[in-house]
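The values are calculated or read from the model by the stated rules, or taken from the named source; none is laboratory data. Computed from a prediction, not measured in an experiment: that's the story for all the values here. When we count neighbours, we look across all protein chains shown, and the Cβ atoms used for this are built from the backbone with ideal geometry, even at glycine. All accessible areas refer to the heavy atoms of the entire protein, side chains included, with ligands and DNA or RNA removed. Shrake-Rupley method; radii C 1.70, N 1.55, O 1.52, S 1.80 Å.
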Amino acid sequence: PDGRADRAWTEDELSQMKNEAILRGHHDIAGILEAIRTTGMRLDEAASIRRSAVEDALRTGVLELKNTKGGRPRSVPLTERSKAILDKALKNSARGDYAFTPAGVKVHVYEKKIKNFIYNHRKVIQEQERSATGHNLDTGDRGALTPHGLRHTFAREYIARRYKEYLSAGISAATASARARKDTAEVLGHGR
């Protein structure tokens, strides 16, 4: 290992965190966590996305993100899983509202609520095998679950999917790997 912590969530960790949110009556938190996981949005992007953008994404099959870090718009192709959570967001939001942030709640307040919820429940939910890291940890903690870690999970899945697609198209493994990494960087909004 290179000393970097694996911040990606496992599907079991995500499932448990969503279940905890639902048990506590926070269906909205379960929804936004799933949205981040299936689209690679940052927390602030998911919290500030409007219902109209979700409607457009479901119509076109591509989520167009404009309110992004660094101001660089990007496009995220939707999977059946991401379509399902975006469709659910439409059912739970009114025209003109945010898709995931509840009506009447300020986006930055909602973001803090999500972070606090994860922080308050992650010690029980995160897997024991997580390696130690200096990121968002108390002394002696394991690698901590964060909203950003869901982007790592998305990226891992996206790169694997694109790699397989390139291999299936007859592209060499080395070229497939390079192209899959480039595609993943673009969909995440990274310059590299």
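Which of the following residues is modelled with pLDDT of 95 or more and in contact with a His (Cβ under 7 Å, 6 or more places away or on another chain): Met41, Met17? Explain how you work it out, then say what you get.
Numbers: Met41 fails: in contact with a His (Cβ under 7 Å, 6 or more places away or on another chain).
On inspection, the qualifying residue turns out to be Met17.
Answer yes or no: is there a residue in segment 51-60 that is under 22 Å from Thr146 (Cβ atoms), out of contact with any His (no Cβ under 8 Å at 6 or more places or on another chain) and open to solvent by 10 Å² or more (accessible area, probe 1.4 Å). Break it down into steps so the answer makes sense when it comes.
Pass one, segment 51-60, residues under 22 Å from Thr146 (Cβ atoms): none.
No, because not a single residue in segment 51-60 is under 22 Å from Thr146 (Cβ atoms), out of contact with any His (no Cβ under 8 Å at 6 or more places or on another chain) and open to solvent by 10 Å² or more (accessible area, probe 1.4 Å).
For segment 119-155: of the residues being hydrophobic (A, V, I, L, M, F, W, C) and part of a helix (DSSP H, G or I), which is modelled with the lowest pLDDT? Let's see the steps before the verdict.
Pass one, segment 119-155, residues hydrophobic (A, V, I, L, M, F, W, C): 124-125, 132, 137, 144-145, 150, 154-155.
Still in the list and also part of a helix (DSSP H, G or I): 124-125, 150, 154-155.
Working: Val124: 87, Ile125: 90, Leu150: 95, Phe154: 95, Ala155: 93.
Looking at the filtered set, the residue picked out is Val124.
I need every pair where a residue in segment 121-133 that is surrounded by fewer than 16 Cβ atoms within 10 Å (Cβ to Cβ) has its Cβ under 6 Å from the Cβ of a residue that is modelled with pLDDT under 85, sequence separation at least 6 or different chains.
Between residues of segment 121-133 that are surrounded by fewer than 16 Cβ atoms within 10 Å (Cβ to Cβ) and residues that are modelled with pLDDT under 85, the close pairs are Ser131/Ala5; Ser131/Gly143.
Filter segment 162-192 down to the residues that are assigned to a helix (DSSP H, G or I), within 16 Å of the chain's Cα centre (by Cα) and under 30 Å from Ile125 (Cβ atoms) and list them by number.
Going residue by residue through segment 162-192, those that are assigned to a helix (DSSP H, G or I) are 162-168, 173-188.
Going one step further and asking which of them are within 16 Å of the chain's Cα centre (by Cα), we end up with 184-188.
Passing the criteria: Thr184, Ala185, Val187, Leu188.
Just for segment 72-97: of the residues that are open to solvent by 60 Å² or more (accessible area, probe 1.4 Å) and under 17 Å from Arg42 (Cα atoms), which one is modelled with the lowest pLDDT?
Going through the qualifying residues, I end up with Arg72.
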